[in-house]
């Protein structure tokens, strides 16, 4: 059988070893671990037909999107923190790129987007716009990696892929009074400290649970964008920063926040909005966008631009200085 289950590796293996027109054609490939029997059988039919065609000179060998994904999973994903999740996401897209050549990546992405946004037929759950965008990016990243690092194809297969735009920037901000109301709505003192630290530092929840104090500074060695960051400790949270118990489970802080916002009448507020609120406080007190981006750890200035509308007073003061004589 060309397809068999390799128990040691925990995946299906495609094996082709035959003589076609007097020529021996032999290949073996381990398929993604997330593939089921139906996906493996479909790959067998498609790949076997292609090998026969190549051996008989019916068509020229052409790399497929499946080839690119397999290479990406084998060589790149083991080095990524989210590798396992990306592999699962790519497997869920299999029906859209199955049997398509690498050059047809734009068409595969269009087909997937249409399927996801029209009636969701054949898909596991309805997708949000952000999830749809992320999956398209996973697939294009896989194909681009195979092209760049493994010589698959003669040009960038993702060059003509259109990634759907997502506009989900939130405009919810908490004032200092709101933050105090949230803290007072919860009896757990450690969770209260978490709310205050998030508001006065602009850190993410994951960063809150990993920071190290270095004098008067939060030292963040591992951040979302991969770069270390230093955030000065606000005078109002010096004590909270020293005594905060970082062993508290993330889910405990999240669950308590949901209770607190309900009790405080702030139902529209999300925990991550405390980070946005820190940016709002900085801008409303005259801090420029560049500095705000440095505090929040934005690698791309476009991330900071979401707060540009809050900086109108700062911009007004700046424009008013045009033409003024220096003292």
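Per the listing 127, 90, the residue uniquely within 30 Å of residue 222 (Cβ to Cβ), modelled with pLDDT under 90 and surrounded by 19 or more Cβ atoms within 10 Å (Cβ to Cβ) is 127. Does residue 9 satisfy the criteria of being over 18 Å from residue 137 (Cα atoms), at pLDDT 85 or above and part of a loop (DSSP other than H, G, I, E, B)? The answer is yes for residue 9. Filtering the stretch 182-225 down to residues that are crowded, with 17+ Cβ neighbours inside 10 Å and more than 25 Å from residue 294 (Cα to Cα), which residue is nearest to the chain's Cα centre (by Cα)? This residue is 191.
Exactly one residue out of 305, 254 is under 21 Å from the mean Cα position of the chain (by Cα), surrounded by 13 or more Cβ atoms within 10 Å (Cβ to Cβ) and modelled with pLDDT of 80 or more, and it is 254.
Determine, yes or no, whether residue 166 is at pLDDT below 90 and within 30 Å of residue 144 (Cα to Cα). So residue 166 fits the description; yes. Restricting the stretch 172-181 to residues that are within 16 Å of residue 272 (Cβ to Cβ) and surrounded by 16 or more Cβ atoms within 10 Å (Cβ to Cβ) leaves a set whose member that is nearest to the chain's Cα centre (by Cα) is 173. Mind checking whether some residue in the stretch 97-120 is surrounded by 16 or more Cβ atoms within 10 Å (Cβ to Cβ), at positive phi and at pLDDT 85 or above? Yes: the stretch 97-120 contains one or more residues that are surrounded by 16 or more Cβ atoms within 10 Å (Cβ to Cβ), at positive phi and at pLDDT 85 or above. The residue list 53, 61, 49, 42 contains one member that is loosely packed, with under 12 Cβ neighbours inside 10 Å and at pLDDT below 90, which is 61.
Filtering the stretch 192-216 to residues that are assigned to a strand (DSSP E or B), modelled with pLDDT of 90 or more and out of contact with any helix residue (DSSP H, G or I) (no Cβ under 7 Å at 6 or more places or on another chain) leaves only 212. Within the option set 292, 287, being assigned to a helix (DSSP H, G or I) and within 23 Å of residue 172 (Cα to Cα) holds for one residue only, 292. Here is a check on your reading of the model: is residue 244 within 20 Å of residue 179 (Cβ to Cβ) and touching a strand residue (DSSP E or B) at 6+ places or on another chain (Cβ under 7 Å)? When the stated conditions are applied, residue 244 does not pass them.
The values are calculated or read from the model by the stated rules, or taken from the named source; none is laboratory data. Worth saying up front: this structure is predicted, and the values here are computed from it rather than measured. We place every Cβ from the backbone using ideal geometry, glycine too, and count neighbours over all the protein chains shown.
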